[in-house]
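Working notes, structure below.
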There are 2 protein chains.
Amino acid sequence: MILKNISVDCVIFGFDGEKLNVLLWQAEPEILENFLTTKEEYEEIKFLFEKNPALNKSDDFWGLIGTHLPTEEDLDGYAKKILQITTGLDEVYLTQVHTFGATKRVPHYRVLTIAYYALINPAYHDMKLSPLAKSVKWFEINKLPKLLFDHIDIINEALSTLREQVKYHPVGFHLLPDKFTLTELQTLYEVILGDKLDTRNFRKKILKMRLLVDTMEKQTNVAHRAAKLYTFDMKIYNRLTQEGLNFSI
Amino acid sequence: MILKNISVDCVIFGFDGEKLNVLLWQAEPEILENFLTTKEEYEEIKFLFEKNPALNKSDDFWGLIGTHLPTEEDLDGYAKKILQITTGLDEVYLTQVHTFGATKRVPHYRVLTIAYYALINPAYHDMKLSPLAKSVKWFEINKLPKLLFDHIDIINEALSTLREQVKYHPVGFHLLPDKFTLTELQTLYEVILGDKLDTRNFRKKILKMRLLVDTMEKQTNVAHRAAKLYTFDMKIYNRLTQEGLNFSI
DNA sequence: CCAAAAGTGTTAGACCTACACCCATGA
DNA sequence: TCATGGGTGTAGGTCTAACACTTTTGG
């Protein structure tokens with residue numbers, strides 16, 4: 001059984017070393033069926049999609065990844081499931097952001113959506129291998145396509161939540177590969193906060209936290225001085241996640 | 001029409017000058033009817049309440065103020081409406097906190113609840129004048145009664161959101177009367193943060209923000225030196241609400 | 001004149017900001 | 001040897017934390 005008035009949408013952020021991206025899809029009927037446990041579940045809500053002109057295949061509208069919530073699924077668990085199916089990732093940073101519930105946010109039917117945001121590192125997953133490959137695509141956060149419903153509001157809300165979070169919690173690290181350079185970390189912060197940071201001060205502040213561990217490795221095959229690779233100290237990472245930190249550089 | 005799978009619950013915080021309190025109710029059928037536009041709406045969901053043993057009048061369980069969401073009500077608007085009916089207050093600080101959606105959070109039926117929290121100043125409203133007077137009561141935040149469902153989790157989540165918010169946004173002021181003393185403000189912060197603060201440092205920090213305006217009035221009828229009364233500067237207040245502030249005293 | 005809470009300043013250390021040059025690497 | 005980005009230190013100003021006594025008021 002499907003809860004017809006309730007959907008879950010995920011704003012999936014990814015960082016490619018230069019830009020902040022969001023993962024969007026064009027949800028065709030056969031894809032939606034993958035999300036639901038039984039064919040009957042899909043039949044139940046099919047009319048919502050068929051009635052909706054913005055979901056015609058001919059259209060160039062994109063949407064957040066998500067579907068209606070099945071009766072027997074916990075809310076948080078289902079958000080996680082959506083992410084697993086879409087990206088193949090299991091241990092992902094995923095948090096509820098906000099519930100959008102204006103009466104007219106979706107035409108023809110009352111649907112509230114509970115928005116989550118996720119931070120993933122695209123390097124860990126080759127999207128081309130996913131069964132959803134044809135319909136899923138990364139978009140730069142400031143070059144978004146036309147979006148369904150109020151999805152632009154949802155993305156903006158998730159982005160401002162990310163910006164708030166990143167100031168006091170070490171969330172940004174979820175977007176990086178296991179080993180990363182200080183410059184990559186700085187670029188990540190600059191992209192999220194939308195501002196340039198001073199390199200020397202940034203490094204001082206980060207290193208003082210003792211959050212980073214020098215792996216003793218370096219970049220290879222770069223046409224300039226190779227940068228040290230760091231990883232982060234899980235103990236200190238977890239402590240800072242609990243206690244918060246002040247990262248208003 | 002009522003959305004049977006969706007309810008809205010409000011965690012209403014009040015400050016009496018000494019303690020932080022939460023407003024709870026014992027929702028009897030005749031009271032619930034007041035919240036719904038038509039009698040038919042109540043009939044639709046009556047069975048949910050009748051089936052629920054925790055809602056027998058004989059019981060000493062209390063719950064958060066809230067009901068199921070009607071189809072034609074915007075989510076935010078309805079949370080505001082609940083608050084209006086309960087407290088008579090109109091211009092109230094009200095924010096969405098979190099949506100609780102575990103499958104078994106309510107027995108017999110799947111109900112997700114969207115939790116809001118509100119900050120009000122009880123001095124502005126005599127609860128005894130409300131038609132809900134018999135069923136509504138303030139409880140100290142650390143002397144809560146037995147609570148329905150997962151309402152204790154909801155209160156805890158709202159409280160930790162309040163604690164986070166208060167560090168970087170001037171939300172605490174909503175809990176104070178128009179004119180207040182610096183000691184009252186300090187007590188409020190101490191109660192919310194659950195910690196003692198240094199009086200001299202607190203005053204320096206607050207006054208440096210230029211957020212407070214000296215009304216040139218003083219307390220009367222106190223058996224000690226009368227304290228100055230302050231109000232706050234709405235322009236600076238609004239700016240700080242936008243930009244955030246650092247109140248980690 | 002007593003009890004009770006209001007009100008006030010200084011100092012030492014930590015932290016933040018601004019700023020410019022040399023270093024290592026591959027092509 | 002050149003182009004490219006990696007890596008480093010200092011000084012001045014601001015903010016924070018710790019700390020104790022005098023003032024005003026009503027009873």
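The values are calculated or read from the model by the stated rules, or taken from the named source; none is laboratory data. Computed from a predicted structure; not experimentally measured. Please note: Cβ atoms are built from the backbone with ideal geometry, for glycine as well, and neighbour counts cover all protein chains shown.
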Query raised in the report: Given the conditions (1) within 23 Å of the chain's Cα centre (by Cα); (2) away from DNA strand D (no atom under 13 Å from the Cβ), and given that residue B:235 satisfies all but one, which numbered condition is not satisfied?
Result: (1)
Query raised in the report: Given the conditions (1) within 17 Å of residue B:118 (Cα to Cα); (2) more than 16 Å from DNA strand C (Cβ to nearest atom); (3) without any contact (Cβ under 8 Å) to a residue 60 or more places away in the chain, and given that residue B:177 satisfies all but one, which numbered condition is not satisfied?
Result: (2)
Query raised in the report: Based on what the data block shows, is residue A:147 surrounded by 15 or more Cβ atoms within 10 Å (Cβ to Cβ) and within 16 Å of DNA strand C (Cβ to nearest atom)?
Result: no
Query raised in the report: Any residue at all in the range B:231-248 that is surrounded by 13 or more Cβ atoms within 10 Å (Cβ to Cβ), basic (Lys, Arg), within 25 Å of residue A:244 (Cα to Cα) and away from chain A (no Cβ under 14 Å)?
Result: yes
Query raised in the report: If you scan the range B:107-119, which residues turn out to be surrounded by fewer than 22 Cβ atoms within 10 Å (Cβ to Cβ) and either at pLDDT 90 or above or in contact with a helix residue (DSSP H, G or I) (Cβ under 6 Å, 6 or more places away or on another chain) (or both)?
Result: B:109, B:110, B:111
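This table checks each residue for (1) buried (at least 16 other Cβ atoms within 10 Å of the Cβ); (2) more than 8 Å from DNA strand C (Cβ to nearest atom).
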| site | (1), (2) |
| --- | --- |
| B:181 | yes, no |
| B:190 | no, yes |
| B:201 | no, no |
| B:218 | no, no |
Query raised in the report: What is the one condition in (1) surrounded by 15 or more Cβ atoms within 10 Å (Cβ to Cβ); (2) near DNA strand D (Cβ under 10 Å from one of its atoms) that residue B:208 does not satisfy?
Result: (1)
Report summary line: Taking first residues from the range B:97-109 that are free of Cβ contacts under 8 Å to residues at least 40 places away in the same chain and facing chain A (nearest Cβ under 9 Å) and second residues anywhere that are surrounded by fewer than 18 Cβ atoms within 10 Å (Cβ to Cβ) and among the basic types (Lys, Arg), the pairs with Cβ under 8 Å that are 6 or more apart or on different chains are none
Query raised in the report: Is it fair to say residue B:182 is modelled with pLDDT under 95 and either within 14 Å of DNA strand D (Cβ to nearest atom) or within 14 Å of chain A (Cβ to nearest Cβ) (or both)?
Result: no
